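Data block below; observations after.
The values are calculated or read from the model by the stated rules, or taken from the named source; none is laboratory data. Since the structure is predicted, the reported quantities are computational estimates derived from the model, not experimental observations. In this analysis, Cβ positions are derived from the backbone assuming ideal geometry, glycine residues included, and neighbour counts consider all displayed protein chains. Protein only, heavy atoms only, side chains kept; ligands, DNA and RNA dropped before computing areas. Shrake-Rupley method; radii C 1.70, N 1.55, O 1.52, S 1.80 Å.
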Amino acid sequence: MTESITITDNRSGNQLEIPIVRGGVSAAEWQKLLPGVWFYDPAFMATAACDSAITYLDGENGILRYRGYPIEELAERSTYLEVAYLLLHGELPTAEQFDTWRRDITYHTFIHENVRKRFLDGFHYDAHPMGMLVSAVAALSTFYLDAKDIFDPDSRHKQIIRLIAKMPTLAAAAHRFSVGMPFVYPDNTLDFCANFLSMMWKVAEPHFEPDPVLVRALDILFMLHADHEQNCSTTAMRVVGSSHADPYSACAAACAALYGPRHGGANEAVIRMLTEIGSVDAVPAFVESVKQGHGRLQGFGHRVYKNYDPRAKIIKRTADEVFAVTGKNPLLDIALKLEEIALADDYFISRKLYPNVDFYSGLIYQAMGFPLEMFPVLFAIPRTAGWLAHWVEMLDQDSKIARPRQVYGGSEQRSYVPVHERGR
Ligand code: CMC
């Protein structure tokens, strides 16, 4: 039996039956009966903005899959570059396809000298690295004029490779500038994550060899952050891309969305919260104050996951491996106590509040030496693959330009009053 809903227009008595297809009903069908009556849905709480085959997310059951593959299996057995290929192409690469993919990305890691010397060096000395990244990604569109040919498959592929390859270089350059260190050129003998760590931390040694445990941890974190279906930044990418802007401009918009503390800044908020709590003994009082409505437990709760965030489970294991190399993050004990108390407290249980991916990711990044300002940048690097996968999908679906309607709540028509007659 086909599932459906029936709508009755009580003004006319007219009825329309609309099938429920994969959990959704078509707004185009709805419009046939009710033209000019809009769904009022700010923040898209009940609106599916697209039909996507990239990422499956079931918040009630804590399931996350990229192209059908469970995130747990990918985090255990794959790499970020392979996951990026999967997200973009829909299938895991053959050995030959992966070699080409890796080689192409490796040879596009360099940025034009003018991006660094004239553009990045022009920022104020204390510029935030995420602000620099947003601007630098947008600026790339002025270096690659062929990026405007978004329906030319060769051009599209080239921009995808360039963006994935250059994000770590731009990110590390932004960091080096913000701490007054000289720029480090990419080392194409290193893999994606190792090369990023080299560009971040290399000082005077001829060749930087990062610890393989830290490289693998970063690779896992990058896989976990590579996509998360229609989140705020991905929606920005699709909306801007729907105007047929070039992918650098659309990606810069997505980065800007990620810059906001409600999206890319939660793990930084976790570190600030743990630092403020200060000691394990102070945890119970802090939890009480949250329950009294004084602030939130950062890194807890999720708009979609109402059981547990599968990424949080993976990340907790990764944290132990990282701390074995870097030494334990002193904030870890506070975090563990907080988790223990909250998970046993009815306030958090009844509201289905569990640790999310950001509860532990900040602790790992901090232990690895990344400053707090780099946290959203570390999110943007891997999410680029997800943004681009959605951009390609949106273009292939020949999507119309995104253009929501509104419910108007302002003044009725009125006449202009000259300034000297106003206020009488
Ligand atoms: N600490 C304490 N109470 C909370 C929290 C929290 N972290 N999150 C939600 N609540 C309470 C909230 O006060 C409300 O209580 P009541 O029903 O008594 O008014 C109830 O739980 C429902 O909250 P909500 O704001 O309606 O839930 P939401 O789905 O709109 O918000 C959230 C989701 C992630 C914005 C929220 O849980 C939050 O602010 N968490 C802390 C910030 C955070 O960790 N953000 C990272 C999310 S993961 C990032 C990613 O996936 O990319």
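Annotations
- Using a Gaussian network model of the chain in which every pair of alpha carbons under 10 angstrom is joined by a spring, one finds that among A165, A53, A282 the greatest mean-square fluctuation is at A282.
- In this calculation the C-beta distance from K328 to T189 is compared with R0 = 35 Å, giving a FRET efficiency of 0.65.
- Panel note: the C-alpha atoms of the chain, placed on their principal axes, show extents of 78, 68, 58 Å (largest first).
- When the pairs K328/K352; K117/K148; K166/K202; K166/K316; K291/K313 are compared against a 23 Å limit on Cα-Cα distance, K328/K352; K117/K148; K166/K316; K291/K313 fall above it.
- Highest-fluctuation residue, Q298, Q97, Q31 considered, GNM on the chain with Cα pairs under 10 Å: Q31
- Contact order, relative form, for the stretch 3-149: 9 percent (alpha carbon pairs under 8 Å, 6 or more residues apart, mean separation divided by residue count).
- Value in Å of the Kirkwood radius, where the stretch 266-367 supplies the Cα pairs that are averaged: 13.6
- Centre separation in Å (Cα based) which lies between the stretch 47-116 and the stretch 147-214: 17
- Peptides 9-17, 44-52 ranked from most to least packed by the mean count of surrounding Cβ atoms within 10 Å: 44-52, 9-17.
- Estimated Rh, the stretch 1-114: Kirkwood, alpha-carbon pairs, angstrom: 18.5
- Structure-based [θ]222 nm, the chain - -39500 (n - 2.57) summed over DSSP H runs of at least 4, per residue, nearest 500: -15500 deg cm²/dmol
- Relative contact order %, the chain, counting alpha carbon pairs below 8 Å whose residues are six or more apart: 21
- Per residue accessible area of the chain, 1.4 Å probe, in Å²: 51
- Atom-type composition of the exposed protein surface of the chain places 53 percent of the accessible area on carbon and sulfur (1.4 angstrom probe).
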